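The values are calculated or read from the model by the stated rules, or taken from the named source; none is laboratory data. As the structure is a computational prediction, the values presented were derived from the model and not from experiment. Reconstructed Cβ throughout: ideal geometry from the backbone, glycine too, with neighbour counts over all protein chains shown. Remember, those area values only see protein heavy atoms, side chains included, never the ligands or the DNA or RNA. Shrake-Rupley method; radii C 1.70, N 1.55, O 1.52, S 1.80 Å.
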Amino acid sequence: MKKFEMRLSGSGGQGLILAGIILGAAATKEGKNVVQTQSYGPEARGGASKSEVLISDERIDYPKVTEPDFLLALTEEALNKYITDIKEDGMVIVDDSVDCDGVDSKVKNLYSVPILSTAKEKLKPIVANMVALGAIVACSDVTSPDATKEAIKENVPPGTEDLNCKAFESGYELGEKNQ
C-alpha cells in the first residue's frame, strides 16, 4: 500500500467520525502513517458529515483526501455529495437503504450492505458505526481485524467495548460476503 484515501460519510450523529478515528488508530498500531480529518454539515445532528482517513506506508504530504479509493455512504445525501471524486477503480459501500440508481456508471465496485438494519435488528442502532467499520475492514484490508478491535476497545466509552466489538464482527461478516 502506498497511500489509501478513505471517506466515511453519512448523517451527523451516526458515529462515523469515531469510526474514522478508530480506523486511523488501528492503522497506526500497524506502523502506518495516518491523517484523519472530519467535517459536519451546518446541523450537528442530521446534516451530512464525513470523516476522511489517509493511510500510507510513506510520509503523507497533503492532509486531505483528494481522490478517494474508498467511500462509505450511509445516506443518499452523503452518497450524492461525496461520490463525485471517487477513483474509477475505487470501492463504494452503501447502506442497503440508500437508492443507488443515480450513481455514475464509472463506479465499478459498488456494494449495498445492510449496515443500519443489522445494527438495529441484531444489536443496537447506536453501534451502526462499528458494523460499518467491520464491513470497511473486511472489504478494504486497510487494517487488520485484531488491530481494529484493539483500537475500538481504546476509543469507545468504558463498558461498551464488548458490544462495539460484537458490532464490528457482525459488520466484518457482512463485508466478507460482499467480496
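With θ set to phi - 60° and the Karplus curve 6.51 cos²θ - 1.76 cosθ + 1.60, what are the ³J(HN,Hα) couplings of the stretch 143-153 in order, to the nearest whole Hz, using x for Gly and Pro? These are the phi-based 3J(HN,Hα) values: 9, 8, x, 5, 5, 5, 4, 4, 5, 4, 4 Hz.
Taking 7 Å steps out from each Cα toward its Cβ at Lys108 and Leu163 produces label points 4.2 nm apart. 3J(HN,Hα) couplings calculated from phi for the stretch 5-14 with the Karplus curve 6.51 cos²θ - 1.76 cosθ + 1.60 (θ = phi - 60°) are, in sequence order, 9, 10, 10, 9, 9, x, 9, x, x, 7 Hz; Gly and Pro show x. Label separation (Lys120 vs Asn33): 4.2 nm, computed from points 7 Å beyond Cα along the C-beta direction. Could you work out how much longer the chain between Thr84 and Thr66 gets when fully extended? Use 0.36 nm per residue separation minus the Cα distance between them, nm to one decimal. Length difference between fully extended and current span is 5.4 nm. Taking the Cα centre of the chain as reference, the dipole from Cβ charges on Lys and Arg (+1) and Asp and Glu (-1) amounts to some 320 debye. Of the whole protein surface, Asp69 contributes about 30 Å² of accessible area at a 1.4 Å probe radius. Note on the stretch 74-179: along the principal axes its Cα atoms extend 43, 26, 23 Å, ordered by decreasing extent.
Just to confirm a number: summing +1 for Lys and Arg and -1 for Asp and Glu over residues other than Ile152 whose beta-carbon lies under 12 angstrom from that of Ile152, what do you get? Net local charge, Ile152 excluded: -2. Cross-link partners for Lys3 among the lysines, with Cα-Cα distance under 30 Å and sequence neighbours closer than 8 places in the same chain left out: Lys29, Lys32, Lys50, Lys64, Lys81, Lys87, Lys106, Lys108, Lys149, Lys153, Lys166, Lys177.
Across the chain, C-alpha contacts under 8 Å between residues 6 or more apart give a mean separation that, scaled by the residue count, equals a relative contact order of 22 percent. Here, the stretch 1-136 is characterised by an Rg to Rh ratio of 0.95, where Rg is the alpha-carbon radius of gyration and Rh the Kirkwood radius. Using only side-chain charges placed at the Cβ, +1 for Lys and Arg and -1 for Asp and Glu, the dipole size of the stretch 53-148 relative to its Cα centre rounds to 340 debye. In the context of the full set of protein chains, residues of the chain present 47 Å² of accessible surface per residue (probe radius 1.4 Å, heavy atoms only). The candidates Glu121, Glu76, arranged from most to least accessible area with a 1.4 Å probe in the full protein assembly, appear as Glu121, Glu76. If you sort Thr160, Thr84 by accessible surface, 1.4 Å probe, largest first, the order is Thr84, Thr160.
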